[in-house]
Amino acid sequence: MKRVCIIYTGGTIGMARTDSGYAPDEDYLRAALADIASQAAPELPVFDLIQYDPLLDSSNVALDEWIAVARDIKSNYDAYDGFVILHGTDTMAYTASALSFMLDGLTKPVVLTGSQIPLAELRNDARDNLITALIIAGHCDVPEVCLYFGGFLYRGNRATKVSADDLVAFDSPNYPPLAHVGIRIALDEKRIRPAGSGLRLVEFGEQQIAVLKIFPGIQFEVFENIMTEHLKGIVIEAFGAGNIPDRQGTMQKLLTRARDNDTVVVVCTQCLKGTAIIGEYEVSEELARAGAVNGYDMTVEAAVTKLYYLLSLGCGTDRVKQLMTENLRGELTIPIL
Ligand code: ASP
């Protein structure tokens with residue numbers, strides 16, 4: 001009999017309507033799971049539930065919750081064939097990316113899921129997402145942190161939320177899904193990372209990190225105050241292939257400040273798809289001069305959590321810069337130029 005541990009952090013999946021909008025309901029999910037378990041379908045793994053208190057809207061999930069989930073996985077690792085993390089959709093891709101870095105050497109599936117409509121509603125996507133995630137975690141050989149939603153299994157650190165209201169709410173623009181779920185669960189085995197050599201937990205510590213989305217007319221003065229020596233890393237969401245305005249004074253002061261403060265500057269694209277390569281266009285020259293590094297095709301979620309990871313390892317600035325451009329957990333593809 002396969003065994004799965006469900007870690008329930010909150011999110012729409014277990015919410016109920018209240019006078020002030022959807023809010024977590026402490027009892028609903030446990031009762032619904034008991035109902036699902038009573039059906040005794042052979043493919044349904046046996047499961048246990050760890051329910052967090054308080055249950056959170058994922059807008060409030062951050063480092064403490066990532067660490068709590070990672071510790072619960074570590075301490076229950078040997079007792080289960082896989083793990084399902086029930087989580088709000090809003091920051092699910094961040095948590096999936098964070099766990100992919102925290103949980104080094106995975107040998108079992110860790111599947112995040114949630115829903116756009118609560119399980120308590122008559123018409124919902126929660127029941128399918130939950131049951132399919134349980135089956136994947138119990139039966140499929142996917143030793144990765146992944147995200148199941150709306151018929152697709154994605155690598156967790158490649159996924160991003162793309163819709164606030166569609167039931168297919170996520171996409172993985174720069175890496176194909178690991179599985180498509182229709183009548184059958186069709187795993188694409190060549191896309192799945194090989195099993196690691198055993199779980200090691202790397203906990204994140206608090207780090208000052210920023211994300212800056214470039215837009216036409218951006219003025220350095222607006223961001224001047226964040227560019228302190230406490231800022232350890234900044235992800236720049238640049239235009240297209242990694243481009244920024246280079247007319248005098250716009251970005252230069254900000255980048256000089258970052259270089260002087262030893263702040264790691266990582267360049268991602270604000271396009272949903274594709275890769276950022278500093279130097280492809282002349283307008284990215286200032287980034288090169290400032291020692292910025294390519295985030296290539298990483299999602300911003302992956303870039304931010306990778307910065308947390310590398311800075312928490314205690315690496316020096318040059319090592320962080322180097323590792324940001326390397327593929328550590330399948331989170332980026334280095335382009336063949
Ligand atoms: N606000 C909710 C959350 O992220 C949305 C959801 O779960 O779909 O917790």
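The values are calculated or read from the model by the stated rules, or taken from the named source; none is laboratory data. Remember, predicted model here, so these are calculated numbers, not experimental data. Ideal geometry is used to build each Cβ from the backbone, glycine not excepted, and the neighbour counts take in all protein chains shown.
So here's what we get for this one:
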quantity	calculated
So residue 132, is it under 20 Å from residue 188 (Cα atoms) and within 11 Å of the ligand (Cβ to nearest atom)	no
Failed item, numbered, when residue 70 is tested on (1) assigned to a strand (DSSP E or B); (2) away from the ligand (no atom under 16 Å from the Cβ)	(1)
Residue match in region 54-67 (condition: hydrophobic (A, V, I, L, M, F, W, C), more than 16 Å from the ligand (Cβ to nearest atom) and under 20 Å from residue 14 (Cβ atoms))	no
Single match in 134, 119, 103 (criterion: closer than 17 Å to residue 9 by Cβ, under 16 Å from the mean Cα position of the chain (by Cα) and hydrophobic (A, V, I, L, M, F, W, C))	103
Qualifying residue in region 99-118 (condition: over 19 Å from residue 188 (Cβ atoms), within 13 Å of the ligand (Cβ to nearest atom), of a type in the set (A, V, I, L, M, F, W, C) and part of a loop (DSSP other than H, G, I, E, B))	yes
Matching option when the condition is of a type in the set (A, V, I, L, M), touching a residue at least 24 places away in the same chain (Cβ under 8 Å) and either assigned to a strand (DSSP E or B) or touching a His at 6+ places or on another chain (Cβ under 6 Å) (or both), among 29, 44, 55	55
Hits in region 293-333 - residues which are closer than 19 Å to residue 178 by Cα and either in a helix (DSSP H, G or I) or aliphatic (A, V, I, L, M) (or both)	298, 301, 302, 328, 332
Enumeration of residues in region 239-260 that are among the polar types (S, T, N, Q) and surrounded by fewer than 16 Cβ atoms within 10 Å (Cβ to Cβ)	248, 256
Single unsatisfied condition, residue 70 versus (1) closer than 20 Å to residue 198 by Cα; (2) more than 16 Å from the chain's Cα centre (by Cα)	(2)
Restricting region 9-46 to residues that are in contact with a helix residue (DSSP H, G or I) (Cβ under 6 Å, 6 or more places away or on another chain) and within 16 Å of residue 80 (Cα to Cα), the residue that is farthest from the ligand (Cβ to nearest atom)	43
Unique match (being in contact with a Cys (Cβ under 8 Å, 6 or more places away or on another chain) and either within 17 Å of residue 185 (Cβ to Cβ) or within 15 Å of the ligand (Cβ to nearest atom) (or both)) among 94, 154, 148	154
Count of residues meeting criterion [at pLDDT 95 or above and surrounded by fewer than 24 Cβ atoms within 10 Å (Cβ to Cβ)] in region 265-293	8
